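Report on one structure; see the data block that follows.
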Amino acid sequence: MKSEREKAKELFLEGYNCSQAVFVAYAERYGLDKELALKVSASFGGGMGRMREICGAVSGMFMVAGMETGQTKPRDPAAKQANYDMVQRLAKRYKEEYGSIVCKELLGLVPMPGREKADANAGLKAAEFTDTKPEARTEEYYKKRPCLEQIQKACDILDEILFS
């Protein structure tokens, strides 16, 4: 049986976005249909619709956290707080690893807090913040992005914090 980490890797390499790769890898745990899980997580890729905001792997991680700790009653502040606590723990751990949870910072398009400039090795243009056309998944695409590693790390963090 494949680990969620391996499933997420395969999903990303098949062409699914970062959020889909992480969330769908865990969907079976909750009896979610793969197609439904793909649709629910689709909009969070590319840092929310390719706007390069919150990293898709992080969004996927947060959706999994919602499946485990999400509040289901409208007036349940304790449950809401428990979920928010979990989201913040996951975000903190991811930031410890990468310095940010923001896609454009992780890709080196803008400076990360505490850094003077964007990383030159990202090879991406700021125009990609509004360009909705996905790039072709080529060997070069995978070389210039840290996404696969970050997807797998998101799964590791979920296993470490949420499922340990």
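The values are calculated or read from the model by the stated rules, or taken from the named source; none is laboratory data. Computed from a prediction, not measured in an experiment: that's the story for all the values here. Reconstructed Cβ throughout: ideal geometry from the backbone, glycine too, with neighbour counts over all protein chains shown.
May I ask you to list the residues in the stretch 13-41 that are surrounded by 15 or more Cβ atoms within 10 Å (Cβ to Cβ) and either under 11 Å from the mean Cα position of the chain (by Cα) or in a loop (DSSP other than H, G, I, E, B) (or both)?
Y16, N17, C18, S19, Q20, A21, V22, F23, L32, S41
Consider K2 carefully, then state whether it is modelled with pLDDT under 95 and not hydrophobic (A, V, I, L, M, F, W, C).
yes
Check whether at least one residue in the stretch 98-109 is without any contact (Cβ under 8 Å) to a residue 12 or more places away in the chain and loosely packed, with under 14 Cβ neighbours inside 10 Å, and report yes or no. First the steps, then the outcome.
Narrowing the stretch 98-109 to residues without any contact (Cβ under 8 Å) to a residue 12 or more places away in the chain: 105.
Within this subset, residues satisfying the condition of being loosely packed, with under 14 Cβ neighbours inside 10 Å are none.
The answer is no; no qualifying residue exists.
Please find, within the stretch 42-84, the residue that is nearest to the chain's Cα centre (by Cα) out of those that are aliphatic (A, V, I, L, M) and over 24 Å from E105 (Cβ atoms).
M67
Return the residue satisfying two criteria in turn: it lies in the stretch 71-97 and is small (G, A, S) and more than 21 Å from G45 (Cα to Cα), and of such residues it is surrounded by the fewest Cβ atoms within 10 Å (Cβ to Cβ).
If we filter the stretch 71-97 for residues that are small (G, A, S), which is where we start, we get 78-79, 82, 91.
When the remaining residues are screened for being more than 21 Å from G45 (Cα to Cα), the result is 78-79, 82.
Numbers: A78: 9, A79: 14, A82: 15.
Applying the filter and picking the extreme gives A78.
Take G46 and tell me if it is in contact with a Pro (Cβ under 8 Å, 6 or more places away or on another chain) and either of a type in the set (D, E) or outside any strand (DSSP E or B) (or both).
yes
State the number of residues belonging to the stretch 134-162 that are without any contact (Cβ under 8 Å) to a residue 24 or more places away in the chain and assigned to a loop (DSSP other than H, G, I, E, B).
Of the residues in the stretch 134-162, 4 are without any contact (Cβ under 8 Å) to a residue 24 or more places away in the chain and assigned to a loop (DSSP other than H, G, I, E, B).
How many residues are in a loop (DSSP other than H, G, I, E, B) and in contact with a Ser or Thr (Cβ under 7 Å, 6 or more places away or on another chain) if we restrict to the stretch 100-112?
Number of matching residues: 1.
Answer with yes or no whether A79 is out of contact with any Ser or Thr (no Cβ under 6 Å at 6 or more places or on another chain), of a type in the set (A, V, I, L, M, F, W, C) and either under 27 Å from T132 (Cα atoms) or part of a loop (DSSP other than H, G, I, E, B) (or both).
No.
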